[in-house]
1. Translational diffusion coefficient, Stokes-Einstein: compute it for the chain using the Kirkwood radius over C-alpha pairs as Rh, at 25 °C and 0.890 mPa s, and state it as an integer in µm² s⁻¹.
2. Non-local amide H neighbours of Leu52 (under 5 Å, H modeled in plane, Pro and chain starts lacking H): which ones?
3. Quick one: compute the contact order of the chain, relative version, from alpha carbon pairs under 8 angstrom and 6+ residues apart, as a percent.
4. Mind giving me the nanometre distance, one decimal, between the label points for Ile54 and Asn33, set 7 Å out from Cα along Cα→Cβ?
5. Taking 0.36 nm per residue of separation and subtracting the Cα-Cα distance, what length does fully extending Lys44 through Ser71 add?
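Only the coordinates and a few stated rules stand behind these numbers; no lab work does. Given the structure is predicted, the values throughout are model-derived calculations rather than measurements. When we count neighbours, we look across all protein chains shown, and the Cβ atoms used for this are built from the backbone with ideal geometry, even at glycine.
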Amino acid sequence: MLDPFELLKTLHSLSAVEESKAVTVDQLSKILNSPESELAEVLKSLSEMSYLVIKGVKIYLTELGILKVNSTFC
């Protein structure tokens, strides 16, 4: 199972922090070496928690998602 926090950290490291810098589901699937079906479940869950935005096939972190990732480095 894909760790949701790893997904958030990956989006952060890719600078996917606004719509213009969003990454695709396909890109994330390849980077995380995870099937898109498994990724979709985690993305839905993180979206429901307001950590990321899904617009079509593009994904990026919300301010809350950025704070979540940054809070682990303090």
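1. On the way: Rh = 11.9 Å.
The Stokes-Einstein estimate is 207 µm²/s.
2. Placed amide hydrogens put Ser47, Thr62 under 5 Å from Leu52.
3. In percent, rounded to a whole number, it is 38.
4. 2.4
5. 7.5 nm
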